[in-house]
Amino acid sequence: MAYVSASDGTQIFFKDWGPKDAQPIMFHHGWPLSSDDWDAQMLYFLGQGFRVIAHDRRGHGRSEQVSEGHDMDHYAADAAAVAAHLDLTNAIHVGHSTGGGEAARYVAQHGIPQGRVAKAVLVAAVPPIMLKTDRYPDGLDMAVFDGFRSALAANRAAFFRDVASGPFYGFNRDDSEPDEAVVENWWRQGMMGSAKAHYEGIKAFSETDQTEDLKAMTVPTLVLHGDDDQVVPYRNAALLQADLLPHAEMKVYEGLSHGMLTVNADRLNADILDFIRR
């Protein structure tokens, strides 16, 4: 398996598939998952002739379960270590949920300054911030995230099962058709990671104000969100992203869930491909 050492020595697992001279697409996964959550995208874009890369965030998947560094700055620096190790240039960076925050910080603080990024895609992404603040009064109360922490600490396995079988994919909706294999795969990915990384990651994805990151993303950026996202409400995310990004294109999908990149992969893949090729 392939690993790279982050700036603090943490071992970060990554996948690198396809021709090394093809345009690279680097994927940033959501909480509490792993690079495996991009299977449907990596295989699709590999088939379209791209080089596809994805890594497991520190404390997630196959990366090292370190005690420290579970914050957006370290997440972005770890992604930068992978990009530098592979010497990725003219790259497309695609981030989902927490990975959208990671991608935004990477692009703004590492990718653009180093001249490595061509475009970005934010899918159901957390920026600018999920938590209610004076700057963003329509955000979610801290009690929501405290509830996540309490549930994770009490019974992580049950909590992850409830998230995947309920709001993440919209399987709690009356007209939904739950896919047990998808639920089990989400649970498998989550339980591979570190409980400490997942616990501290809640603060990272909910309390990090990324307003300035979005403003600094001067590359063309595609914003994708479902209007039935029960995890990251699109009005507090995609709509604000489109206002803050210098060069944004936005698409809101009627009735789609937070986990649409998996259960509606055909639609998202086609839209991302169209954006990349334009």
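When you restrict to C-alpha pairs under 8 Å that are six or more residues apart and normalise by the size of segment 193-278, the relative contact order lands at 29 percent.
Measuring nothing but how far apart in sequence close Cα pairs (under 8 Å, 6+ apart) lie, relative to its length, the chain scores a relative contact order of 21 percent. Only helices enter the 222 nm calculation for the chain: every DSSP H run of n ≥ 4 contributes -39,500 (n - 2.57), and dividing by all residues gives -12500 deg cm²/dmol, rounded to 500.
Candidate cross-link partners of Lys215 among the lysines, defined by an alpha-carbon separation under 29 Å and a same-chain spacing of 8 or more, comprise Lys119, Lys132, Lys203, Lys251. A simple count of charges around Thr133, restricted to other residues whose Cβ falls under 13 Å of its Cβ and scoring Lys, Arg +1 and Asp, Glu -1, yields -3. Summary of packing: across the peptides 124-131, 100-107, the per-residue average of other C-beta atoms within 10 Å ranks them, highest first, as 100-107, 124-131.
Computed about its Cα centre, the charge dipole of segment 43-143 is approximately 380 debye, with only Lys, Arg, Asp and Glu carrying charge at their Cβ.
On a C-alpha basis, how far is the centre of segment 1-19 from the centre of segment 78-146 in Å? Whole number, if you could? Taking the Cα centre of each part, segment 1-19 and segment 78-146 sit 19 Å apart. Using +1 at the C-beta of Lys and Arg and -1 at the C-beta of Asp and Glu, which of Tyr75, Gly101, His258 has the Cα lying farthest in the positive direction of the dipole of the chain? With unit charges placed on the Cβ atoms, the residue in question is Tyr75. Taking a Cβ cut-off of under 12 Å around Ala151, the surrounding Lys, Arg, Asp and Glu residues balance to a net charge of +1, with basic ones at +1 and acidic ones at -1.
Each Lys and Arg Cβ is given +1 and each Asp and Glu Cβ -1; about its Cα centre, segment 2-277 then shows a dipole of about 580 debye.
The numbers here are math on the coordinates, done by the rules we state, and not lab data. These numbers come from a predicted model, not from an experiment. Positions of Cβ are backbone-derived with ideal geometry, glycine not excepted, and every protein chain shown enters the neighbour counts.
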